[in-house]
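Student: What follows is a single structure, and I will ask about it in a moment.
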Amino acid sequence: MELHGITKRFPGVVANKDIAITVRKGTVHALIGENGAGKSTLMKILYGMQKPDEGTIAIDGEQVSFSSPGDAIARGIGMVHQHFMLADNLTVLENVVLGGEKLYGIGAKARRKIQEISDAYGLGVRPDALVEDLGVADRQRVEILKVLYRGAKILILDEPTAVLVPQEVDALFDNLRELKAEGLTVIFISHKLGEVLKVADDITVIRRGTTVGTADPRTATTKQLAELMVGSELPSPETRESTVTDVAMLQVKNLTLLESGGTGAPLTTAAPADPAAAVTVHEEVAVGRKLLDDISLTIHKGEILGIAGVEGNGQTELIEALMGLRSPDAGAISLDGADISALPVRKRREGGIGYIPEDRHRHGLLLEAPLWENRILGHVTEAPNSKRGILDPKAARQDTERIVREYDVRTPGIDVTAASLSGGNQQKLIVGREMSHNPKFLIAAHPTRGVDVGAQAQIWDAIREARREGLAVLLISADLDELIGLSDTLRVMYRGKLVADADPATITPEQLGSAMTGAASGHLEGGEEQPEQSEQSEDGDAR
(Lines give C-alpha, C1' and ligand atoms only; values in the text may rest on other atoms or scores of the structure.)
Protein backbone atom coordinates (compact mmCIF):
# COMPACT_ATOMS: atom_id res chain seq x y z
CA MET A 1 0.00 0.00 0.00
CA GLU A 2 1.30 3.45 -0.95
CA LEU A 3 -0.08 6.81 0.16
CA HIS A 4 1.07 10.04 -1.43
CA GLY A 5 0.04 13.59 -0.52
CA ILE A 6 -3.03 12.58 1.52
CA THR A 7 -4.73 15.75 2.78
CA LYS A 8 -8.04 16.05 4.64
CA ARG A 9 -9.58 19.29 5.89
CA PHE A 10 -12.46 19.91 8.29
CA PRO A 11 -13.94 23.28 9.30
CA GLY A 12 -11.31 25.00 11.39
CA VAL A 13 -8.74 22.20 11.26
CA VAL A 14 -6.49 20.31 8.84
CA ALA A 15 -6.55 16.70 10.05
CA ASN A 16 -4.09 15.31 7.45
CA LYS A 17 -1.58 17.29 5.42
CA ASP A 18 0.54 15.76 2.66
CA ILE A 19 0.77 12.32 4.33
CA ALA A 20 3.20 9.90 2.66
CA ILE A 21 3.48 6.26 3.79
CA THR A 22 4.64 3.06 2.10
CA VAL A 23 3.52 -0.23 3.68
CA ARG A 24 5.35 -3.41 2.65
CA LYS A 25 3.35 -6.56 2.00
CA GLY A 26 3.52 -9.20 4.72
CA THR A 27 4.67 -6.80 7.44
CA VAL A 28 3.36 -5.15 10.59
CA HIS A 29 3.58 -1.41 9.96
CA ALA A 30 3.13 0.67 13.10
CA LEU A 31 1.61 4.14 12.90
CA ILE A 32 2.19 6.31 15.98
CA GLY A 33 1.42 9.88 16.93
CA GLU A 34 -0.14 11.89 19.73
CA ASN A 35 -3.88 12.35 20.06
CA GLY A 36 -5.19 14.65 17.38
CA ALA A 37 -2.21 13.91 15.12
CA GLY A 38 -4.54 12.61 12.41
CA LYS A 39 -4.07 8.84 12.68
CA SER A 40 -7.75 7.99 13.00
CA THR A 41 -8.73 10.28 10.12
CA LEU A 42 -6.09 8.66 7.92
CA MET A 43 -7.33 5.17 8.78
CA LYS A 44 -10.92 6.19 8.03
CA ILE A 45 -9.74 7.36 4.61
CA LEU A 46 -8.04 4.00 4.02
CA TYR A 47 -11.23 2.21 5.05
CA GLY A 48 -13.49 4.28 2.80
CA MET A 49 -15.30 6.07 5.65
CA GLN A 50 -14.02 9.43 4.43
CA LYS A 51 -12.62 10.67 1.14
CA PRO A 52 -9.36 12.65 1.02
CA ASP A 53 -9.41 16.18 -0.36
CA GLU A 54 -6.07 15.54 -2.05
CA GLY A 55 -3.65 12.68 -2.61
CA THR A 56 -3.62 9.11 -3.92
CA ILE A 57 -3.81 5.57 -2.53
CA ALA A 58 -2.40 2.55 -4.35
CA ILE A 59 -2.75 -1.13 -3.47
CA ASP A 60 -0.44 -3.64 -5.18
CA GLY A 61 0.59 -0.84 -7.53
CA GLU A 62 -2.97 -0.02 -8.62
CA GLN A 63 -4.47 3.33 -7.72
CA VAL A 64 -7.77 3.01 -5.85
CA SER A 65 -10.56 5.28 -4.66
CA PHE A 66 -13.02 4.24 -1.98
CA SER A 67 -16.50 5.68 -1.58
CA SER A 68 -17.54 3.40 1.28
CA PRO A 69 -16.19 0.73 3.62
CA GLY A 70 -17.75 -1.79 1.24
CA ASP A 71 -15.29 -0.67 -1.44
CA ALA A 72 -12.38 -1.09 0.98
CA ILE A 73 -13.59 -4.52 2.09
CA ALA A 74 -13.86 -5.60 -1.56
CA ARG A 75 -10.16 -4.72 -1.96
CA GLY A 76 -9.25 -6.82 1.08
CA ILE A 77 -9.01 -4.11 3.74
CA GLY A 78 -10.51 -4.72 7.19
CA MET A 79 -10.49 -2.38 10.18
CA VAL A 80 -10.90 -2.91 13.90
CA HIS A 81 -11.80 0.50 15.30
CA GLN A 82 -10.68 1.80 18.68
CA HIS A 83 -14.35 2.47 19.39
CA PHE A 84 -16.24 -0.56 18.27
CA MET A 85 -18.79 -0.58 15.45
CA LEU A 86 -21.23 -3.14 16.86
CA ALA A 87 -25.00 -3.34 17.25
CA ASP A 88 -25.61 -4.00 20.92
CA ASN A 89 -29.05 -5.53 20.40
CA LEU A 90 -27.75 -8.22 18.04
CA THR A 91 -25.87 -11.45 18.75
CA VAL A 92 -22.23 -12.04 17.91
CA LEU A 93 -23.25 -14.11 14.88
CA GLU A 94 -25.62 -11.42 13.64
CA ASN A 95 -22.97 -8.71 14.03
CA VAL A 96 -20.37 -10.75 12.18
CA VAL A 97 -22.57 -11.64 9.20
CA LEU A 98 -24.20 -8.19 8.97
CA GLY A 99 -23.27 -6.84 5.55
CA GLY A 100 -21.55 -10.10 4.64
CA GLU A 101 -24.58 -12.33 4.23
CA LYS A 102 -23.45 -13.45 0.77
CA LEU A 103 -20.24 -14.98 2.12
CA TYR A 104 -21.56 -17.90 4.16
CA GLY A 105 -25.25 -17.14 4.57
CA ILE A 106 -26.80 -16.41 7.94
CA GLY A 107 -27.34 -19.92 9.31
CA ALA A 108 -25.39 -23.08 10.08
CA LYS A 109 -22.64 -22.46 7.52
CA ALA A 110 -21.93 -19.00 8.92
CA ARG A 111 -21.98 -20.35 12.48
CA ARG A 112 -19.44 -23.05 11.59
CA LYS A 113 -17.16 -20.50 9.93
CA ILE A 114 -17.35 -18.15 12.93
CA GLN A 115 -16.56 -20.98 15.32
CA GLU A 116 -13.72 -22.16 13.10
CA ILE A 117 -12.10 -18.70 13.06
CA SER A 118 -12.71 -18.19 16.77
CA ASP A 119 -11.06 -21.51 17.61
CA ALA A 120 -8.16 -20.99 15.19
CA TYR A 121 -7.18 -17.66 16.74
CA GLY A 122 -8.18 -18.42 20.34
CA LEU A 123 -10.81 -15.68 20.41
CA GLY A 124 -13.23 -17.63 22.62
CA VAL A 125 -16.28 -15.97 21.06
CA ARG A 126 -19.79 -17.40 21.60
CA PRO A 127 -21.87 -16.87 18.42
CA ASP A 128 -25.20 -16.63 20.27
CA ALA A 129 -24.09 -14.15 22.95
CA LEU A 130 -25.76 -10.73 22.88
CA VAL A 131 -23.19 -8.00 22.28
CA GLU A 132 -24.77 -5.79 24.96
CA ASP A 133 -23.87 -8.48 27.52
CA LEU A 134 -20.20 -8.57 26.53
CA GLY A 135 -17.33 -6.74 28.19
CA VAL A 136 -14.93 -4.48 26.31
CA ALA A 137 -12.36 -7.23 25.67
CA ASP A 138 -14.95 -9.58 24.18
CA ARG A 139 -16.32 -6.79 21.99
CA GLN A 140 -12.86 -6.26 20.57
CA ARG A 141 -12.58 -9.95 19.79
CA VAL A 142 -15.88 -9.79 17.92
CA GLU A 143 -14.50 -6.92 15.82
CA ILE A 144 -11.36 -8.91 15.00
CA LEU A 145 -13.55 -11.88 14.11
CA LYS A 146 -15.59 -9.69 11.73
CA VAL A 147 -12.43 -8.70 9.84
CA LEU A 148 -11.10 -12.25 9.57
CA TYR A 149 -14.53 -13.54 8.55
CA ARG A 150 -14.45 -11.26 5.50
CA GLY A 151 -11.05 -12.53 4.40
CA ALA A 152 -9.15 -9.27 4.77
CA LYS A 153 -5.57 -9.18 3.43
CA ILE A 154 -4.77 -5.80 4.96
CA LEU A 155 -5.80 -5.40 8.62
CA ILE A 156 -6.00 -2.01 10.29
CA LEU A 157 -5.84 -2.46 14.08
CA ASP A 158 -6.53 0.71 16.09
CA GLU A 159 -5.22 0.31 19.66
CA PRO A 160 -5.78 -3.49 19.64
CA THR A 161 -3.96 -4.15 22.93
CA ALA A 162 -5.67 -1.47 25.02
CA VAL A 163 -7.83 -4.02 26.86
CA LEU A 164 -5.42 -6.96 27.03
CA VAL A 165 -3.20 -8.30 29.82
CA PRO A 166 0.45 -9.13 29.00
CA GLN A 167 -0.24 -12.80 28.26
CA GLU A 168 -3.06 -11.85 25.88
CA VAL A 169 -0.85 -9.28 24.18
CA ASP A 170 1.80 -11.94 23.59
CA ALA A 171 -0.85 -14.25 22.14
CA LEU A 172 -2.09 -11.48 19.83
CA PHE A 173 1.45 -10.79 18.65
CA ASP A 174 1.92 -14.51 17.93
CA ASN A 175 -1.23 -14.36 15.80
CA LEU A 176 0.06 -11.30 13.95
CA ARG A 177 3.27 -13.15 13.14
CA GLU A 178 1.21 -16.03 11.78
CA LEU A 179 -0.79 -13.61 9.64
CA LYS A 180 2.45 -12.12 8.33
CA ALA A 181 3.74 -15.56 7.45
CA GLU A 182 0.60 -16.10 5.38
CA GLY A 183 1.25 -12.88 3.44
CA LEU A 184 -1.21 -10.64 5.25
CA THR A 185 -0.34 -7.04 6.05
CA VAL A 186 -1.14 -5.29 9.34
CA ILE A 187 -1.30 -1.57 10.06
CA PHE A 188 -0.87 -1.33 13.82
CA ILE A 189 -1.88 1.86 15.67
CA SER A 190 -0.83 2.08 19.30
CA HIS A 191 0.28 4.48 22.01
CA LYS A 192 2.20 1.74 23.80
CA LEU A 193 5.63 2.36 22.36
CA GLY A 194 7.21 -0.70 23.95
CA GLU A 195 4.68 -2.90 22.16
CA VAL A 196 5.30 -1.08 18.89
CA LEU A 197 9.01 -1.86 19.11
CA LYS A 198 8.22 -5.47 19.93
CA VAL A 199 5.84 -6.26 17.07
CA ALA A 200 6.49 -3.80 14.22
CA ASP A 201 8.65 -4.27 11.16
CA ASP A 202 8.42 -0.59 10.19
CA ILE A 203 7.30 2.53 12.08
CA THR A 204 5.87 5.80 10.73
CA VAL A 205 5.45 8.80 13.02
CA ILE A 206 2.74 11.43 12.48
CA ARG A 207 2.73 14.81 14.21
CA ARG A 208 0.16 17.57 13.73
CA GLY A 209 -1.37 15.81 10.74
CA THR A 210 1.75 15.12 8.70
CA THR A 211 4.44 12.46 8.57
CA VAL A 212 7.57 13.60 10.39
CA GLY A 213 9.72 10.51 10.13
CA THR A 214 10.18 6.75 10.15
CA ALA A 215 11.99 4.50 12.59
CA ASP A 216 13.56 1.07 12.56
CA PRO A 217 12.23 -0.94 15.54
CA ARG A 218 15.47 -2.90 15.67
CA THR A 219 17.42 0.20 16.70
CA ALA A 220 14.89 2.76 17.96
CA THR A 221 14.03 3.31 21.64
CA THR A 222 10.80 4.38 23.31
CA LYS A 223 12.50 7.63 24.29
CA GLN A 224 13.34 8.41 20.67
CA LEU A 225 9.81 7.56 19.51
CA ALA A 226 8.24 9.73 22.22
CA GLU A 227 10.43 12.66 21.22
CA LEU A 228 9.43 12.21 17.56
CA MET A 229 5.75 12.12 18.56
CA VAL A 230 5.49 14.97 21.04
CA GLY A 231 8.96 16.45 21.40
CA SER A 232 9.41 15.22 24.97
CA GLU A 233 10.47 12.13 26.89
CA LEU A 234 8.18 9.20 27.67
CA PRO A 235 6.31 9.91 30.92
CA SER A 236 6.05 7.38 33.72
CA PRO A 237 3.18 6.77 36.14
CA GLU A 238 5.69 5.75 38.80
CA THR A 239 5.21 7.48 42.13
CA ARG A 240 6.08 6.27 45.58
CA GLU A 241 5.09 9.28 47.66
CA SER A 242 2.62 8.25 50.34
CA THR A 243 -0.47 10.37 50.85
CA VAL A 244 -2.63 7.65 52.40
CA THR A 245 -4.47 8.68 55.57
CA ASP A 246 -6.22 6.56 58.16
CA VAL A 247 -9.62 8.07 57.26
CA ALA A 248 -11.82 5.61 55.39
CA MET A 249 -13.59 7.31 52.48
CA LEU A 250 -15.22 4.34 50.74
CA GLN A 251 -16.17 1.10 52.47
CA VAL A 252 -17.67 -1.90 50.75
CA LYS A 253 -18.80 -4.83 52.88
CA ASN A 254 -19.79 -8.28 51.63
CA LEU A 255 -21.05 -7.00 48.28
CA THR A 256 -22.70 -9.77 46.27
CA LEU A 257 -24.38 -9.54 42.87
CA LEU A 258 -26.11 -12.46 41.19
CA GLU A 259 -26.34 -12.89 37.44
CA SER A 260 -30.13 -13.12 37.33
CA GLY A 261 -30.58 -10.15 39.68
CA GLY A 262 -29.06 -6.74 40.18
CA THR A 263 -30.22 -5.28 36.88
CA GLY A 264 -30.55 -1.81 38.38
CA ALA A 265 -33.15 -0.31 40.67
CA PRO A 266 -36.43 0.45 38.85
CA LEU A 267 -38.01 3.87 39.15
CA THR A 268 -40.99 2.31 40.95
CA THR A 269 -41.46 -1.05 42.58
CA ALA A 270 -44.55 -2.98 43.51
CA ALA A 271 -45.18 -6.25 45.31
CA PRO A 272 -46.33 -9.09 43.02
CA ALA A 273 -50.04 -9.85 43.10
CA ASP A 274 -49.33 -13.56 43.49
CA PRO A 275 -47.10 -14.38 46.49
CA ALA A 276 -46.08 -17.61 44.76
CA ALA A 277 -44.61 -15.53 41.96
CA ALA A 278 -42.36 -13.75 44.44
CA VAL A 279 -41.10 -17.10 45.70
CA THR A 280 -40.40 -18.22 42.16
CA VAL A 281 -38.44 -15.05 41.40
CA HIS A 282 -36.52 -15.37 44.63
CA GLU A 283 -35.59 -18.95 43.83
CA GLU A 284 -34.39 -17.99 40.35
CA VAL A 285 -32.21 -15.23 41.76
CA ALA A 286 -30.81 -17.48 44.46
CA VAL A 287 -29.34 -19.95 41.98
CA GLY A 288 -27.79 -17.25 39.73
CA ARG A 289 -24.05 -17.19 39.10
CA LYS A 290 -22.24 -14.71 41.34
CA LEU A 291 -20.95 -11.78 39.31
CA LEU A 292 -19.64 -10.26 42.54
CA ASP A 293 -18.82 -12.69 45.31
CA ASP A 294 -18.64 -11.24 48.84
CA ILE A 295 -16.51 -8.22 47.92
CA SER A 296 -15.14 -6.19 50.84
CA LEU A 297 -12.68 -3.34 50.53
CA THR A 298 -11.77 0.00 52.05
CA ILE A 299 -10.27 3.02 50.29
CA HIS A 300 -8.87 5.79 52.47
CA LYS A 301 -8.51 9.50 51.81
CA GLY A 302 -5.39 10.06 49.75
CA GLU A 303 -5.26 6.44 48.58
CA ILE A 304 -5.37 4.88 45.12
CA LEU A 305 -6.57 1.30 45.24
CA GLY A 306 -5.88 -0.49 41.98
CA ILE A 307 -7.81 -3.55 40.87
CA ALA A 308 -6.16 -5.84 38.35
CA GLY A 309 -8.09 -8.44 36.43
CA VAL A 310 -8.79 -9.76 32.98
CA GLU A 311 -11.85 -7.90 31.76
CA GLY A 312 -15.09 -9.74 32.39
CA ASN A 313 -14.20 -10.89 35.91
CA GLY A 314 -16.53 -8.50 37.73
CA GLN A 315 -14.82 -5.13 37.44
CA THR A 316 -17.65 -3.60 35.41
CA GLU A 317 -20.28 -4.97 37.77
CA LEU A 318 -18.38 -3.57 40.77
CA ILE A 319 -18.31 -0.11 39.17
CA GLU A 320 -22.01 -0.29 38.34
CA ALA A 321 -22.86 -1.32 41.91
CA LEU A 322 -20.81 1.55 43.34
CA MET A 323 -22.43 4.04 40.98
CA GLY A 324 -25.95 2.79 41.70
CA LEU A 325 -26.48 1.40 38.19
CA ARG A 326 -27.04 -2.09 39.62
CA SER A 327 -28.74 -3.17 42.82
CA PRO A 328 -26.61 -5.72 44.71
CA ASP A 329 -28.26 -8.79 46.20
CA ALA A 330 -26.31 -8.40 49.45
CA GLY A 331 -23.83 -6.10 51.10
CA ALA A 332 -23.44 -2.42 51.93
CA ILE A 333 -21.63 0.61 50.52
CA SER A 334 -20.72 3.69 52.54
CA LEU A 335 -19.12 6.96 51.43
CA ASP A 336 -17.44 9.20 53.98
CA GLY A 337 -19.21 7.35 56.79
CA ALA A 338 -22.72 7.55 55.25
CA ASP A 339 -24.57 4.53 53.89
CA ILE A 340 -25.29 5.11 50.18
CA SER A 341 -26.46 1.58 49.35
CA ALA A 342 -30.01 2.70 48.53
CA LEU A 343 -29.20 6.06 46.91
CA PRO A 344 -29.86 6.65 43.18
CA VAL A 345 -27.06 7.63 40.82
CA ARG A 346 -27.72 11.36 41.02
CA LYS A 347 -27.55 11.43 44.81
CA ARG A 348 -24.28 9.51 44.76
CA ARG A 349 -22.90 11.98 42.25
CA GLU A 350 -23.99 14.93 44.38
CA GLY A 351 -22.49 13.18 47.40
CA GLY A 352 -19.03 13.33 45.86
CA ILE A 353 -18.49 10.41 43.47
CA GLY A 354 -16.61 11.16 40.25
CA TYR A 355 -16.67 8.69 37.37
CA ILE A 356 -14.33 8.16 34.41
CA PRO A 357 -16.07 5.33 32.51
CA GLU A 358 -14.30 2.48 30.74
CA ASP A 359 -16.07 3.23 27.44
CA ARG A 360 -16.21 6.98 26.86
CA HIS A 361 -18.55 6.66 23.88
CA ARG A 362 -21.18 4.50 25.56
CA HIS A 363 -21.12 5.97 29.05
CA GLY A 364 -19.15 9.24 29.05
CA LEU A 365 -20.29 11.42 26.19
CA LEU A 366 -23.15 12.51 23.97
CA LEU A 367 -21.22 12.35 20.71
CA GLU A 368 -23.53 14.58 18.69
CA ALA A 369 -23.80 17.23 21.42
CA PRO A 370 -21.40 20.20 21.70
CA LEU A 371 -18.56 20.11 24.20
CA TRP A 372 -20.18 22.52 26.63
CA GLU A 373 -23.26 20.27 26.92
CA ASN A 374 -21.00 17.27 27.49
CA ARG A 375 -19.35 19.22 30.30
CA ILE A 376 -22.73 19.19 32.11
CA LEU A 377 -23.30 15.42 31.92
CA GLY A 378 -23.60 13.80 35.33
CA HIS A 379 -23.45 17.17 37.09
CA VAL A 380 -26.60 18.95 35.93
CA THR A 381 -27.64 20.00 39.43
CA GLU A 382 -24.18 21.17 40.54
CA ALA A 383 -22.38 24.50 40.20
CA PRO A 384 -21.41 26.05 37.88
CA ASN A 385 -23.84 24.21 35.61
CA SER A 386 -26.92 25.32 37.50
CA LYS A 387 -27.89 28.08 39.88
CA ARG A 388 -30.70 27.52 42.39
CA GLY A 389 -31.91 24.53 40.41
CA ILE A 390 -31.95 26.32 37.05
CA LEU A 391 -29.50 25.46 34.27
CA ASP A 392 -26.91 28.18 33.67
CA PRO A 393 -25.59 27.70 30.10
CA LYS A 394 -23.38 30.78 30.24
CA ALA A 395 -21.50 29.56 33.31
CA ALA A 396 -21.28 26.02 31.88
CA ARG A 397 -19.78 27.39 28.66
CA GLN A 398 -17.23 29.48 30.55
CA ASP A 399 -16.19 26.48 32.62
CA THR A 400 -15.90 24.33 29.51
CA GLU A 401 -13.48 26.86 28.08
CA ARG A 402 -11.45 26.61 31.29
CA ILE A 403 -11.34 22.81 31.06
CA VAL A 404 -10.26 23.01 27.42
CA ARG A 405 -7.36 25.30 28.42
CA GLU A 406 -6.24 23.50 31.57
CA TYR A 407 -6.47 19.98 30.15
CA ASP A 408 -5.17 20.87 26.67
CA VAL A 409 -8.29 19.63 24.88
CA ARG A 410 -7.42 20.34 21.25
CA THR A 411 -10.53 21.69 19.61
CA PRO A 412 -11.48 24.67 17.41
CA GLY A 413 -14.14 25.63 19.98
CA ILE A 414 -16.61 24.45 22.60
CA ASP A 415 -19.52 24.39 20.14
CA VAL A 416 -18.12 21.52 18.06
CA THR A 417 -19.51 18.06 18.78
CA ALA A 418 -17.72 15.55 20.96
CA ALA A 419 -17.62 13.21 17.94
CA SER A 420 -15.32 15.65 16.14
CA LEU A 421 -12.56 15.23 18.75
CA SER A 422 -9.92 12.53 18.73
CA GLY A 423 -10.29 9.81 21.36
CA GLY A 424 -7.58 11.24 23.58
CA ASN A 425 -9.09 14.72 23.56
CA GLN A 426 -12.49 13.24 24.39
CA GLN A 427 -10.85 11.51 27.36
CA LYS A 428 -9.20 14.72 28.57
CA LEU A 429 -12.58 16.46 28.45
CA ILE A 430 -14.12 13.73 30.63
CA VAL A 431 -11.24 13.81 33.12
CA GLY A 432 -11.47 17.60 33.33
CA ARG A 433 -15.23 17.43 33.86
CA GLU A 434 -14.98 14.92 36.70
CA MET A 435 -12.06 16.62 38.43
CA SER A 436 -13.81 20.01 38.25
CA HIS A 437 -16.28 19.01 40.95
CA ASN A 438 -13.63 18.13 43.57
CA PRO A 439 -14.92 14.60 44.17
CA LYS A 440 -14.34 12.79 47.44
CA PHE A 441 -14.08 9.47 45.65
CA LEU A 442 -13.16 8.85 42.01
CA ILE A 443 -13.85 5.73 39.98
CA ALA A 444 -11.21 5.76 37.24
CA ALA A 445 -11.84 2.95 34.77
CA HIS A 446 -9.04 2.79 32.19
CA PRO A 447 -8.41 6.56 32.52
CA THR A 448 -5.66 6.66 29.86
CA ARG A 449 -7.01 4.09 27.41
CA GLY A 450 -6.26 5.20 23.86
CA VAL A 451 -4.43 8.41 24.77
CA ASP A 452 -0.92 9.46 23.76
CA VAL A 453 2.11 9.78 26.02
CA GLY A 454 1.58 13.51 26.56
CA ALA A 455 -2.08 13.11 27.53
CA GLN A 456 -1.17 10.19 29.79
CA ALA A 457 1.15 12.43 31.77
CA GLN A 458 -1.54 15.09 32.14
CA ILE A 459 -4.13 12.60 33.38
CA TRP A 460 -1.69 10.94 35.78
CA ASP A 461 -0.67 14.34 37.17
CA ALA A 462 -4.32 15.33 37.66
CA ILE A 463 -5.06 12.12 39.59
CA ARG A 464 -1.89 12.40 41.70
CA GLU A 465 -2.55 16.04 42.54
CA ALA A 466 -6.12 15.27 43.63
CA ARG A 467 -4.86 12.34 45.69
CA ARG A 468 -2.44 14.65 47.52
CA GLU A 469 -5.46 16.75 48.45
CA GLY A 470 -7.28 13.74 49.90
CA LEU A 471 -9.07 12.14 46.94
CA ALA A 472 -9.76 8.42 47.27
CA VAL A 473 -9.47 6.58 43.96
CA LEU A 474 -10.57 3.20 42.69
CA LEU A 475 -8.33 2.56 39.67
CA ILE A 476 -9.19 -0.16 37.16
CA SER A 477 -6.87 -0.47 34.19
CA ALA A 478 -5.64 -2.96 31.62
CA ASP A 479 -2.29 -1.11 31.62
CA LEU A 480 -0.40 -2.97 34.31
CA ASP A 481 2.44 -0.44 34.37
CA GLU A 482 -0.16 2.22 35.13
CA LEU A 483 -1.75 0.10 37.86
CA ILE A 484 1.58 -0.65 39.52
CA GLY A 485 2.92 2.88 39.12
CA LEU A 486 -0.08 4.79 40.46
CA SER A 487 -1.55 2.46 43.09
CA ASP A 488 -0.89 2.56 46.82
CA THR A 489 -2.69 -0.77 47.21
CA LEU A 490 -3.24 -3.51 44.62
CA ARG A 491 -5.95 -6.19 44.59
CA VAL A 492 -6.56 -8.92 42.03
CA MET A 493 -10.08 -9.76 40.87
CA TYR A 494 -10.92 -13.17 39.42
CA ARG A 495 -14.37 -14.57 38.71
CA GLY A 496 -16.06 -11.93 40.84
CA LYS A 497 -13.82 -12.39 43.89
CA LEU A 498 -10.86 -10.48 45.28
CA VAL A 499 -8.39 -13.35 45.29
CA ALA A 500 -5.03 -11.71 45.97
CA ASP A 501 -3.31 -8.53 46.99
CA ALA A 502 0.11 -7.27 45.92
CA ASP A 503 2.73 -4.71 46.88
CA PRO A 504 3.03 -2.17 44.03
CA ALA A 505 6.61 -1.45 45.09
CA THR A 506 7.81 -4.99 44.32
CA ILE A 507 5.36 -6.70 41.96
CA THR A 508 6.17 -6.92 38.23
CA PRO A 509 3.65 -6.72 35.37
CA GLU A 510 4.36 -10.35 34.50
CA GLN A 511 3.66 -11.54 38.04
CA LEU A 512 0.52 -9.44 38.25
CA GLY A 513 -0.65 -10.74 34.87
CA SER A 514 -0.14 -14.30 36.06
CA ALA A 515 -2.26 -13.66 39.16
CA MET A 516 -5.00 -12.18 36.96
CA THR A 517 -5.41 -15.49 35.15
CA GLY A 518 -6.10 -17.29 38.43
CA ALA A 519 -2.62 -18.73 38.80
CA ALA A 520 -2.13 -17.33 42.29
CA SER A 521 -4.05 -16.24 45.36
CA GLY A 522 -3.22 -14.71 48.71
CA HIS A 523 -0.46 -12.11 49.06
CA LEU A 524 1.95 -11.46 46.18
CA GLU A 525 5.18 -9.86 47.34
CA GLY A 526 8.65 -9.55 45.93
CA GLY A 527 7.75 -11.65 42.93
CA GLU A 528 6.86 -14.75 44.98
CA GLU A 529 3.34 -16.09 44.82
CA GLN A 530 1.98 -17.22 48.15
CA PRO A 531 -0.73 -19.84 47.70
CA GLU A 532 -2.65 -18.97 50.83
CA GLN A 533 -6.11 -17.49 50.25
CA SER A 534 -6.36 -13.93 51.53
CA GLU A 535 -8.68 -13.34 54.43
CA GLN A 536 -10.61 -10.13 54.78
CA SER A 537 -11.10 -8.28 57.99
CA GLU A 538 -14.33 -6.48 58.73
CA ASP A 539 -13.07 -3.21 57.29
CA GLY A 540 -12.16 -4.97 54.04
CA ASP A 541 -8.36 -4.93 54.36
CA ALA A 542 -6.65 -8.17 53.35
CA ARG A 543 -4.74 -9.95 56.10
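The values are calculated or read from the model by the stated rules, or taken from the named source; none is laboratory data. Model, not experiment: these values are computed from the prediction. We place every Cβ from the backbone using ideal geometry, glycine too, and count neighbours over all the protein chains shown. Heavy atoms of the whole protein, side chains included, go into the accessibility calculation; ligands, DNA and RNA do not. Shrake-Rupley method; radii C 1.70, N 1.55, O 1.52, S 1.80 Å.
Student: Using 0.36 nm times the number of residues separating residue 289 and residue 259, minus their current alpha carbon distance, what extension gain do you get?
Tutor: Full extension of this stretch gives 10.3 nm more.
Student: How do 347, 102, 39, 44 stack up against each other in accessible area, from largest to smallest, with a 1.4 angstrom probe?
Tutor: Of 347, 102, 39, 44, the descending order of accessible area is 102, 347, 44, 39.
Student: Here's another thing I want to ask about it. So, taking all protein chains as they sit and a 1.4 Å probe, how much accessible area belongs to residue 289, in Å² rounded to tens?
Tutor: 140 Å²
Student: Tell me, what HN-Hα J-couplings in whole Hz come from the Karplus equation 6.51 cos²θ - 1.76 cosθ + 1.60 at θ = phi - 60° for each residue of segment 395-403, using x for Gly and Pro?
Tutor: Karplus-based 3J(HN,Hα) across segment 395-403 equals 5, 5, 5, 4, 6, 5, 4, 4, 4 Hz.
Student: Ratio of alpha-carbon Rg to the 2.2 N^0.38 Å globular estimate for the chain, to two decimals, please. Before the final figure, lay out the partial values.
Tutor: Working: Rg = 23.8 Å, N = 543, 2.2 N^0.38 = 24.1 Å.
Compared with the compact-globule rule of thumb, the chain sits at 0.99.
Student: Work out from phi, with θ = phi - 60° and the Karplus expression 6.51 cos²θ - 1.76 cosθ + 1.60, the ³J(HN,Hα) of each residue of segment 190-205, listed in order in whole Hz, and give x for Gly and Pro.
Tutor: After applying 6.51 cos²θ - 1.76 cosθ + 1.60, I find 7, 9, 8, 5, x, 5, 4, 5, 6, 10, 7, 9, 9, 10, 10, 10 Hz.
Student: May I ask for the net charge around residue 71, where only other residues with Cβ less than 15 Å from the Cβ of residue 71 are counted and Lys, Arg are +1 while Asp, Glu are -1?
Tutor: Numbers: positive: 44, 51, 75, 150, 153; negative: 62.
Around residue 71, the surrounding residues sum to +4.
Student: From the backbone phi of segment 180-188, what are the Karplus-calculated ³J(HN,Hα) couplings (6.51 cos²θ - 1.76 cosθ + 1.60, θ = phi - 60°) in whole Hz, Gly and Pro given as x?
Tutor: These are the phi-based 3J(HN,Hα) values: 4, 4, 8, x, 7, 10, 10, 9, 10 Hz.
Student: Based on the mean of other Cβ atoms within 10 Å per residue, sort peptides 337-345, 495-503, 221-229 so the most packed one is first.
Tutor: 495-503, 221-229, 337-345
Student: For residue 366, what charge total do you get from the other residues with a beta carbon under 15 Å from its beta carbon, if Lys and Arg give +1 and Asp and Glu give -1? Mind showing how you got there, number by number?
Tutor: On the way: positive: 360, 362, 375, 433; negative: 359, 368, 373, 415.
After counting each charged neighbour, the total is 0.
Student: With Cβ to Cβ distances under 13 Å as the rule, what net charge do the other residues near residue 22 carry (K, R +1; D, E -1)? Working shown, then result.
Tutor: On the way: positive: 24, 25; negative: 2, 60, 201, 202.
So the surrounding residues net to -2.
Student: Taking only protein heavy atoms into account and a 1.4 Å probe, give the accessible area per residue of the chain in Å².
Tutor: Accessible surface, normalised per residue, equals 43 Å².
Student: Enumerate the amide H contacts of residue 392 below 5 Å, restricted to partners 5 or more residues apart or on another chain; note that Pro and chain-start residues carry no placed amide H.
Tutor: For residue 392, the qualifying residues are 386, 387.
Student: Which distance in nm do the two modelled labels at residue 244 and residue 469 give, with both placed 7 Å along the Cα-to-Cβ direction?
Tutor: 2.3 nm
Student: Can you list residues whose amide H is under 5 Å from residue 355's amide H, if they're 5+ apart or on another chain and H is modeled 1.01 Å from N?
Tutor: 443
Student: With just the Cα atoms defining each centre, how far is segment 39-114 from segment 287-351? Give it in Å.
Tutor: Measuring centre to centre over Cα atoms gives 39 Å.
Student: Given the -39500 (n - 2.57) contribution per DSSP H run of 4+ residues, what per-residue ellipticity at 222 nm results for the chain, rounded to the nearest 500 deg cm²/dmol?
Tutor: -9500 deg cm²/dmol
Student: What residues have an amide H closer than 5 Å to that of residue 326, excluding those fewer than 5 places away on the same chain, when H is modeled at 1.01 Å from N in the peptide plane?
Tutor: For residue 326, the qualifying residues are 321.
Student: Over the chain, what percent of the accessible surface lies on carbon and sulfur atoms, probe 1.4 Å?
Tutor: Working: 11740 of 23510 Å².
Percent of accessible area from carbon and sulfur atoms in the chain: 50.
Student: On a full-extension model of 0.36 nm per residue, what is the gain between residue 339 and residue 106, subtracting their alpha-carbon distance, rounded to one decimal in nm?
Tutor: Residue separation times 0.36 nm, minus the Cα-Cα distance, leaves 78.8 nm.
Student: Multiply the residue separation of residue 438 and residue 20 by 0.36 nm, subtract the distance between their alpha-carbon atoms, and state the gained length in nm to one decimal. Walk me through the numbers on the way to the answer.
Tutor: Values: separation 418, 0.36 × 418 = 150.48 nm, distance 4.50 nm.
Result for the pair: 146.0 nm of gain on full extension.
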